[in-house]
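S.K.: My structure is below; once you've seen it, I'll send some questions.
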Amino acid sequence: MDRLNKEAAALIRAACGGVRHHERGVAGLYREIDALVAALRREGDAQMAAWADCVVRTGFVESASNLASYSALRRRDLRPLQRPLMALGLSSLGRLESRVLPTLVAVRAALAALAGLAPEERPSEEIFFAGERRLVERAHELLGMPSSSRPNRAPRHLSGRGGRRSIVHAGACRTQVSRPCASTVRMMAPIAGNA
């Protein structure tokens, strides 16, 4: 099996060697993704430190951390990475909103294998899709369960009844994900179930 993996990696490296986008090679792509993961961790940690007083619901910490990583990622132009990764049969990094770091760590592990580097641990399937599961749970909390008679869901707390702020009042409809502010995160905490 190991021989087959090495042969497949050698074929892919050879096939990509002549393509203009792959001049940096698989090992170069690995280094770029590795640097991106490190930068997103640093910037995400800094953002989480800034949000420390705002994120009071422990069940929201992982979602907030992913949002911080996503915000840092969106400040970058990923196009130079996307096509070379796609040509290798890897993620285009186009649908990673709910799992920023798990996606990048999985891509980095695949690139390490293709480049013949030391094997790296990939996120388990459970960890990889945990953000997707959390996103569905949060949507149900805020918008209620979907039904066939109600394909478009409006926020349950839109009326502001029960002493809760409406989601519109909290700024969710106007918040730009690329630059979430601490006050918006603070106001949204009660809406996400901390009230």
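S.K.: So for the stretch 54-125, averaging the separation of alpha carbon pairs under 8 Å that are six or more residues apart and normalising by length, what relative contact order in percent results? Walk me through the intermediate numbers first.
M.R.: Values: 40 pairs, mean separation 15.4, N = 72.
It comes to 21 percent, rounded to a whole number.
S.K.: Let me ask something else. Can you give the net charge of the other residues whose Cβ lies under 14 Å from the Cβ of A39, counting K and R as +1 and D and E as -1?
M.R.: On the way: positive: R31, R41, R42, R74, R75, R76, R108; negative: E32, D34, E43, D45, D77.
Result for the local shell: +2.
S.K.: May I ask for the net charge around R122, where only other residues with Cβ less than 15 Å from the Cβ of R122 are counted and Lys, Arg are +1 while Asp, Glu are -1?
M.R.: Numbers: positive: R99, R108; negative: D34, E120, E121, E125, E126.
That works out to -3.
S.K.: What list of ³J(HN,Hα) values in whole Hz, one per residue of the stretch 80-94 in order, does the Karplus curve 6.51 cos²θ - 1.76 cosθ + 1.60 (θ = phi - 60°) give from phi, with Gly and Pro shown as x?
M.R.: Result, rounded to whole Hz: x, 8, 4, 5, x, 5, 5, 5, 8, x, 9, 4, 7, 6, x.
S.K.: Right, here's the next one. Near the amide H of V56, under 5 Å away, which other amide H atoms are found, from residues 5 or more places off or on another chain, if H is placed in the peptide plane?
M.R.: The answer is none.
Any read-out appearing in this document is the output of simple, stated calculations on the displayed coordinates, not a laboratory observation. Predicted, not measured: the structure shown is a model, and the values here were computed from it. For neighbour counting, all protein chains shown are included, and Cβ atoms are generated from backbone atoms with ideal geometry for every residue, glycine included.
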